[in-house]
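**Q** One structure, pasted below without further comment.
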Amino acid sequence: MAYGTFAELARKAFVDESLAQLRNAGKRSSISSVAAMTGLTRKEAARLAELNIDTGLNSDRRYNRAVRVITGWTADPRFLDAEGEPRVLPMQGDGSFELLVKEYSGDVPVAAMLSALESSGTVISEEQGVRLIERAYLPTQTPAASINILGNDVAEIITSIDHNLIHERALRVFQRKVSNGSVSASALEEFKQLSNKKSQELLEDYHAWLTAHEVDIDPSDDSIERARYVSVGIYYYDDTLCEDPQS
């Protein structure tokens, strides 16, 4: 976890605990009192008091629905142009953003989905409609907004490595990488763009296959086949990521 993210969470915890102590003591929960107890400015205390850091199931559900919307946009012919690329979608009507959200996000309001995608830099609203500018979704509203998602990724990688260490070859899951320690520094950006493009295409293919094999989740219905969770992750690394950008 980056220091900035930890500091944000720690300040939020101080503010929440201060508010709880004031309430438990039967005192008025004022921002001035919180600022005095924590040493934060009134402005910072007020911001943190209103900050909603989502974790757990609700955050996962919203993330998954946003991903489904983007996948539908990039795969469903109703939302593609003649070249097979995502169209700029009008807000309402046939082939609209409203239809896309209703088809792929369940009960998430259209305005809420648009706000989430805009704030993450995934789409922009133009005069002609809504344009997709990123084919992957990662929430970035606050320093802590993506902790739950990225934390799950780390846990899954570690679990897969642990599984492969303790099981015989026939039971191991796929775990591979390609690397080279002699790549020209001037070629890194070109390879990064190449790997981004091909990796995104592969993930979209996987997502389309998985979506086609989904089953309804209803524990009370014994006739429905059991649903299982599965994921395939791809990451990029080069040694410049470890360098101090100020050095």
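The values are calculated or read from the model by the stated rules, or taken from the named source; none is laboratory data. Just so it is clear, the structure is predicted and the values come from calculations on it, not from any experiment. Note that we place each Cβ from the backbone using ideal geometry, even for glycine, and neighbour counts take in every protein chain shown.
**Q** Go through the stretch 87-101 and report how many residues are within 11 Å of residue 131 (Cα to Cα) and part of a helix (DSSP H, G or I).
**A** Here the count works out to 1.
Conditions tested, residue by residue: (1) at pLDDT 95 or above; (2) farther than 28 Å from residue 72 by Cα.
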| residue | (1), (2) |
| --- | --- |
| 136 | no, no |
| 145 | no, no |
| 149 | no, no |
| 155 | no, no |
| 172 | yes, yes |
| 200 | no, no |
| 210 | no, no |
| 220 | no, yes |
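**Q** Of the numbered conditions (1) free of Cβ contacts under 8 Å to residues at least 12 places away in the same chain; (2) hydroxyl-bearing (Ser, Thr, Tyr); (3) assigned to a helix (DSSP H, G or I); (4) closer than 21 Å to residue 241 by Cα, residue 199 fails exactly one; give the number of that condition.
**A** (1)
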